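Below is one structure, written out as C-alpha cells, with a few remarks after it.
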Amino acid sequence: MKAVIPAAGLGTRFLPATKALPKELLPVLDKPVIQYVVEEALAPSAVDGVVIVNSHEKPQINEYFSVDKHFEEYLRAHGKSKEAELVHEAGALPVSFAYQDDPRGLGHAVLCAAPETGDESFFVLLGDYFVPEKQMCVHMQEVSEAHGGASVIAVAPVPADQVSRYGIIAGERVESLSGIEGAADEEPGAVWKVSGLVEKPSPEDAPSHLFIVGRYLLSARVMELLRTQGPGAGGEIQLTDAMARLLEEEEMYAVVVDPNEGCDTGTPAAWAATNARMALANPAIRDAFIEGLGGARV
Ligand code: G1P
C-alpha cells in the first residue's frame with residue numbers, strides 16, 4: 001500500500017522564502033517538513049512506499065530524496081559519519097514521484113498519483129501538518145482492518161464559525177478505538193460511521209462540527225471516482241466530493257483525533273510555533289533554545 005503526499009503547491013504564504021526553496025523543504029529544527037510527513041506515512045505496517053505529488057517547478061524535493069553517494073563519502077572521509085548517516089537516511093527513504101503541473105485542487109492532485117497506487121487502498125497525508133508520534137495513521141489502519149478494509153478518515157471538532165474552511169462529516173458514533181473505551185462522541189478515540197461529507201459548508205449547512213484533519217485511508221475506488229469528478233467548492237476538484245460519492249457504494253469510518261497531537265506548518269506563525277514546540281520537546285536543544293530566546297516574553 002502506498003501513501004500519497006500532495007506537494008505541488010506554490011507556497012505563496014511563505015514568500016519570499018519560497019521564491020527559491022519549496023515550502024516542503026523548510027526545516028523544522030534540522031529536518032525538512034516533508035521528511036516528518038514521509039516518516040509518519042511509513043509508520044502503518046501496511047505502507048511500503050510514499051508517493052509525493054510534486055510539480056516540475058520544484059526538483060529540489062526530488063534531489064533531497066535521492067541518494068548522494070559522493071556527499072556521503074566526502075562526509076565519512078572527513079570524520080563525519082553521523083552526518084553521512086543522516087544524508088544516507090533521507091536518500092534511502094522509499095519515495096517515488098508523480099506530477100501535478102496544473103493546480104486543479106486536492107482531488108486532482110491525488111488522482112495524479114493513481115499510476116503509483118494501483119488497485120490498492122492508499123493513505124493521503126496533507127503535508128502542512130505532521131504527527132511526531134506517528135500513531136494517527138496506525139490507528140486508522142486498525143479501524144479499517146476491523147471493518148473489512150473500509151475507508152477511514154481522521155476528524156476533530158472545530159468551532160461552528162470555522163466549518164467553512166474544512167471538509168465536514170455527517171454520521172454517528174458507533175464505537176471507540178480499542179483501549180479507549182467510553183470516549184464521548186467528539187472526544188479522541190470515538191469512531192464514527194460516516195453518512196455524508198461536505199466540503200467547506202456554511203455554518204447553517206454543516207452536518208456536524210467534525211472536520212477532516214488531513215489524514216485519509218481510502219479505498220482504491222476513490223481513484224476511479226476522481227476521474228469523473230467535476231469541480232466543487234472554489235471551482236476545484238475536491239477529494240471530499242469524490243469521497244461523498246464513495247459513500248453511495250461503500251462504508252466509511254472516521255476516527256476522532258486530538259489535532260494537537262500533530263504540528264501545523266501551514267503558515268509562518270504555525271511553522272514558527274512548531275519549531276518552538278519541537279525545540280522544547282528535544283532534550284538536546286531545549287536549554288540552548290530557551291537561552292536563545294533571551295529576553296523574549298510571551
Ligand atoms: C483540505 C480538504 C479539507 C480538509 C482540509 C484540512 O482543504 O479539502 O476537506 O478539511 O484540507 O486541512 P484545504 O485546506 O486544501 O482548503
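FYI, it's all coordinate maths here, none of it is from the lab. Predicted model, so just to flag it, every value in this text is computed and none were measured. Cβ placement follows ideal geometry from the backbone for every residue including glycine, while neighbour counts extend to all protein chains displayed.
Computed quantities for the displayed model
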{"item": "Ranked by how many other beta carbons lie within 10 Å on average, peptides 58-69, 171-182, 113-124 from highest", "result": "113-124, 58-69, 171-182"}
{"item": "Positive-end residue, segment 32-127 charge dipole about Cα centroid, Cβ charges, pick of Pro32, Cys112, Tyr74", "result": "Tyr74"}
{"item": "Whole-Hz couplings from phi, Karplus 6.51/-1.76/1.60, listed for segment 289-294; x for Gly and Pro", "result": "5, 5, 5, x, 5, x"}
{"item": "Charge context of Tyr36, other residues only, Cβ under 14 angstrom, K/R +1, D/E -1", "result": "-4"}
{"item": "Cα extents of segment 123-200 along the three principal axes, largest first (Å)", "result": "33, 28, 21"}
{"item": "Interchain or long-range residues, amide H under 5 Å from Met252's placed H", "result": "Val194"}
{"item": "Residues in segment 1-45 that a label on Glu261 would reach, taking backbone N under 14 Å of a point 7 Å out along Cα→Cβ", "result": "40-41, 43-44"}
{"item": "Gly167 long-range amide H proximity, modeled H, under 5 Å", "result": "Lys200, Ile212"}
{"item": "Sequence-distant residues sharing a close amide H with Ser96 (under 5 Å, placed H)", "result": "Val50, Val51, Ile52"}
{"item": "Vicinal HN-Hα couplings computed from phi for segment 95-112 (Karplus, 6.51 cos²θ - 1.76 cosθ + 1.60; Hz; Gly/Pro x)", "result": "10, 10, 10, 10, 10, 10, 8, 10, x, 10, x, 4, x, 5, 4, 5, 4, 4"}
{"item": "Cβ-based exposure ranking for Val87, Val222, in which fewest neighbours within 10 Å come first", "result": "Val87, Val222"}
{"item": "The chain: antiparallel DSSP beta bridges as a percent of all, rounded to 5", "result": "60"}
{"item": "Kirkwood Rh, Cα atoms: Rg over Rh of the chain", "result": "0.98"}
